[in-house]
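A quick write-up on the structure given underneath.
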Ligand SMILES: [Zn+2]
C-alpha cells in the first residue's frame, strides 16, 4: 500500500532494495508486515466476519476525482462521504491506488504485479482502496500510525480478453499523468464498479503499509474473487507512466511497484468463508474415479476443478490429489 511520499529515495522497484528498508524505516522490519502470501490451507474460517459494505461508493457526486502520478503509483483521491462498513469501526475513504509488475522487460517475459499472493500465485496487479478509522482518529495522518487505524480493501487483478469499463475510467487518463507530480481531473464514477461481485468472500488479517514507513496499522481485507482487465489495459498501466519528473534527464518507467510477501510470524489469517459454503463445489461430482468431473451434465476440465480447489480454504479439499 502506498500512501505517503518517501522522504528517502531508496526506491522500491528493485526487490533487493526492499531488504534495506528496515535500516531507514524500523517499522519495515516489524513482525506484522504486509503484504503476505495467503496459504488457503492455513487460514481459519471465522463465521462472525460480515460482508464488507462499501458506503457511498455509488454516489460519486458532481465534482471530478483527481488522479495523480506520485512517482510510486497512480493514486485517485476519494470524497469523504465514501467509507466502508462491516468492520468494528467506521472507516472513511481517503484514496485508491494500484500496484503492478512488468509483463515484459527487455524482451524477457515476467509475470505478476500483485502484492498479496494466494497459495504462492501472484496476480497481474492489485487495487488498494484506503480508509481511515474516523470513529477513533481525527484524520488519516494520526490514524496511519496506530493499530486498526486504517482499513484497506485489496482487489487482485488478472487479465482477460474484455476491456474493463470500470477501470477504463482511470486507465483512459494515464497518458495525461505520465510523469511524477502530474495530476488530472477525471469524471467521477461509481467506485463500487471496481470491486468484485462477491464481497462476502474475503481474507482478513492485521498488517501494515506496504511501503515505508511500513506502519503496522492496517486491517486488511483481501477479496477472494478477482477482477479482470484486458491485456491491453494492463500493458498500458505497465508502460505509460514514469517515476521521474518530466524535466528529468532520464525516464524511469514506473512499474514493479509491489513489495514481496512478508513473514506471517504466527499471525492468523481469517477467512469469511469455507469451501463447504460454496454452492459451486457441491455441484462438482463424478461417478467412478476414472470418470471426468462434472458440473450438472457438463464435463469439467481438470484445470477448472484444480482452479477451484486452489482457492478453496478447506484442507480436506486441498488434499485431493488432482
Ligand atoms: Zn498499496
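Coordinate-derived values only; no laboratory data. It should be emphasised that the depicted structure is a prediction, and the values quoted were computed from it without experimental measurement. Here the Cβ is made from the backbone with ideal geometry for all residues, glycine too, and neighbour counts use every protein chain on show.
I want to make sure I understand the PRE zone here: with the label point 7 angstrom from the Cα of residue 24 toward its beta carbon, which residues in segment 211-247 have backbone N atoms less than 11 Å away?
Of the residues in segment 211-247, 212-213 have backbone N under 11 Å from the label point off residue 24.
Between residue 246 and residue 121, take the C-beta separation as r, use R0 = 30 Å, and let me know the FRET efficiency to the nearest 0.05. Present the calculation step by step, with values, prior to reporting the outcome.
Values: r = 37 Å, r/R0 = 1.23.
For residue 246 and residue 121, the calculated efficiency is 0.25.
For an R0 of 22 angstrom, estimate the FRET efficiency from the Cβ-Cβ distance between residue 197 and residue 162 and round to the nearest 0.05.
0.90
May I have the extent of the alpha carbons of segment 122-161 along their three principal axes, as whole Å values ordered from largest to smallest?
Over segment 122-161, Cα extents along the principal axes are 44, 16, 13 Å.
Measure off 7 Å from each Cα along the Cα-to-Cβ vector at residue 274 and residue 111, then give the distance between these two points in nanometres to one decimal.
Calculated label separation equals 3.2 nm.
Using only Cα atoms, what is the ratio of the radius of gyration of segment 57-126 to 2.2 N^0.38 Å?
Dividing the Cα radius of gyration by 2.2 N^0.38 Å gives 1.46.
Please give the contour-minus-distance gain from residue 80 to residue 46: 0.36 nm per residue of separation, less the Cα-Cα distance, rounded to one decimal in nm.
Extra length from residue 80 to residue 46 when fully extended: 9.2 nm.
Run through all the Cα pairs of segment 135-179 and give the fraction in each 10 Å bin from 0, expressed as whole percent.
19, 27, 26, 25, 2
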